[in-house]
Amino acid sequence: MAACEEDMDHSPEEKSEQIESHPDIDGGWGWMICLASFLAHVLLMGSQMALGILYVEWLEEFNESRGLTAWVGSLTIGITLIVGPIIGLFVGTCGCRKTTIIGGLLTALGWVISSYATNVYYLFISFGLTAGIGSGMAYLPAIVMVGQYFKKRRALAQGLSTTGTGFGTFIMTLLLKYLCAEYGWRNAMLIHGAVNLNLCVCGALMRPPPFSSSMQIENQSQPKCAETPQKEIPTSDQVAHAIDIDGIEEQETSKEEETKSLSPEEVSEAGNKDGDKREVLFKERYPLRILKTLRQLANILKKSFWKWYSSYFGTAALFSNKVFICFVFWALCAYCSFVIPFIHLPEIVKLYGFEEKDDKVPLTSIIAILHIFGKIFLGLISDLPFFSAWNVFLVSNLIMCVCVFILPLMHTFTGMAIVCAIIGFSSGYFSVMPVVTEDLVGLSNLANAYGIIISANGISALLGPPFAGWIYDVTGKYDYSFYFCGLIYVIGIGFLLLKPCLQKQNDTESESKQAIEALNVHHDE
């Protein structure tokens, strides 16, 4: 009884301190999770940001318009991000490890079957849909797991893990370029599909957080408090099961007594008959066991679905947070400005005639290299006490928006390289984005909230590059594509600037609710 009272005295703050003091939190196996997330970013986002190499090959192979061909890469990137909320349901039901492994298999399958494409529409299904869904299943767990294992060093860990996007873009651009030149784009996709099977290894490293398993063990090992004994009324299934067990035990004991008085030949014949009876009994009960397992699985899925649904549309749902809604609108507007350069810059360089002289250092690789340093640097300063993660995030967005407007004004490779370097460094705000999301909605809602954010990013990535290609087909220039995307980006930043006003409004509403509740309590007394 005393032990129970001590457990009851533990406050949530003390439990959180126990979690943070675990050796795997902010260290230990947490760094393996960071490594697994890093490799997942290399394989997933790095490959997608290098699709500009394949985009040029598809234009020459299928002779379709730039707007239509750009849909292939946009579908892959967009679906990877759009399926975030649905993948959140998978993560809640199956866990991060199984979800990542299944996603790795689907991603590899999409790359392999795309190598046999006969037209662009085939690629829409094989590459855009199949590889996109698989990438989405592996991408969200890579973000969520880092947030579960790191508390004090969260921004740094997210920054280090998401630098895989920059490393991957640099590596995969060179790899795809080499493979396309040596073996053709079809064999390049086949080889790259085999490389993506390493996502299954990343998933195998994502074991559940230590505090979840330790909590279960602790609950099982705790002594139960003294309670008044209650008589349980057995169900009909339990009664039938007990009768079956008693009957089987009586049959076994009677059979043992009979076999003592039998000869060896009679014992073997009796054993064969018993084996036949057991086989018949097994065949009768096996379908019942399958039905029972299916019923348990259905109950688990039902509970997970309602938990997932209530987190989005319940009374304390994410969409009741006005600041978070503005954050979602920013995500809808901003991400296309980051994706468009990776899809269209290889062809822009070719159109400007830079390819023969400056082909050794692709502009996308320059963005990728500076993207790495930007994520680490911005993640480091966001963890400092005198820097706000939100302010770092906002300033980085403003710098990147200005660069999007300046990029089409550059007509020399050096000028474009400088602007691309600034875009790459300022786009390091992606390492701060999970931290900002968690600050807005809390750790318990991070998986679902981040799923919504990357889903909004996916819609932006889905529509941006094809629209940019369509503008080129109409005007013959990519300049207007960047100007339009920059204008959309400005609108997205405008939603971020609404945060102080909405935050004050939320604070006043909460204070008024507390005052009303206090008056009601005083009136009741």
Worksheet item: Which of (1) more than 20 Å from A50 (Cα to Cα); (2) open to solvent by less than 30 Å² (accessible area, probe 1.4 Å); (3) under 24 Å from the mean Cα position of the chain (by Cα) is the odd one out, the single condition P465 does not satisfy?
Response: (1)
Fill in: Count of residues meeting criterion [open to solvent by less than 60 Å² (accessible area, probe 1.4 Å) and aromatic (F, W, Y)] in the stretch 405-440
3
Item to complete: Check the stretch 109-118 and report whether any residue there is of a type in the set (V, I, T), surrounded by 24 or more Cβ atoms within 10 Å (Cβ to Cβ) and in contact with a helix residue (DSSP H, G or I) (Cβ under 8 Å, 6 or more places away or on another chain).
Response: no
Worksheet item: Can you name the number of the only condition in (1) modelled with pLDDT of 85 or more; (2) small (G, A, S); (3) open to solvent by 20 Å² or more (accessible area, probe 1.4 Å) that A131 fails?
Response: (3)
Practice prompt. Examine the stretch 74-84 for a residue that is more than 25 Å from Y472 (Cα to Cα), open to solvent by 40 Å² or more (accessible area, probe 1.4 Å), free of Cβ contacts under 8 Å to residues at least 60 places away in the same chain and among the hydrophobic types (A, V, I, L, M, F, W, C), and state whether such a residue exists.
Written response: no
Worksheet item: Which members of the stretch 145-154 meet the condition of being part of a helix (DSSP H, G or I) and open to solvent by 10 Å² or more (accessible area, probe 1.4 Å)?
Response: Q148, R154
Item to complete: For the stretch 398-409, state whether one or more residues are without any contact (Cβ under 8 Å) to a residue 60 or more places away in the chain and within 26 Å of the chain's Cα centre (by Cα).
Response: no
Worksheet item: Condition test on I471, is it within 20 Å of T99 (Cα to Cα), at pLDDT 80 or above and buried (at least 20 other Cβ atoms within 10 Å of the Cβ)?
Response: no
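Yes/no matrix, rows are residues, columns are (1) more than 21 Å from G486 (Cα to Cα); (2) not polar (S, T, N, Q):
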site: K350; (1), (2): yes, yes
site: S365; (1), (2): yes, no
site: G374; (1), (2): no, yes
site: P385; (1), (2): yes, yes
site: L394; (1), (2): no, yes
site: V402; (1), (2): no, yes
site: P408; (1), (2): no, yes
site: G415; (1), (2): no, yes
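Restricting the stretch 163-177 to residues that are over 24 Å from G379 (Cβ atoms) and modelled with pLDDT under 90, which is surrounded by the fewest Cβ atoms within 10 Å (Cβ to Cβ)?
Here is the first cut: in the stretch 163-177, the ones over 24 Å from G379 (Cβ atoms) are 174-177.
Okay, now just the ones that are also modelled with pLDDT under 90, so 174, 177.
Details: L174: 14, K177: 20.
Among them, the one singled out is L174.
Within the stretch 48-104, work out how many residues are part of a helix (DSSP H, G or I), β-branched (V, I, T) and farther than 13 Å from F127 by Cβ. Break it down into steps so the answer makes sense when it comes.
Residues of the stretch 48-104 part of a helix (DSSP H, G or I): 48-49, 51-62, 66-82, 84-94, 96-104.
When the remaining residues are screened for being β-branched (V, I, T), the result is 53, 56, 69, 72, 76-77, 79-80, 82, 86-87, 91, 93, 99-102.
Now restrict to residues that are farther than 13 Å from F127 by Cβ: 53, 56, 82, 86-87, 91, 93, 99-102.
Residues meeting the conditions: 11.
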Discussion item. Can you go through T130, T169, T173, T162 and tell me which one is touching a residue at least 60 places away in the same chain (Cβ under 8 Å) and farther than 30 Å from S388 by Cα?
Written reply: T173
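The values are calculated or read from the model by the stated rules, or taken from the named source; none is laboratory data. Bear in mind that the values here come from a model prediction, so they are computed numbers and not experimental data. Every residue, glycine among them, receives a Cβ derived from its backbone with ideal geometry; neighbour counts consider all protein chains shown. Remember, those area values only see protein heavy atoms, side chains included, never the ligands or the DNA or RNA. Shrake-Rupley method; radii C 1.70, N 1.55, O 1.52, S 1.80 Å.
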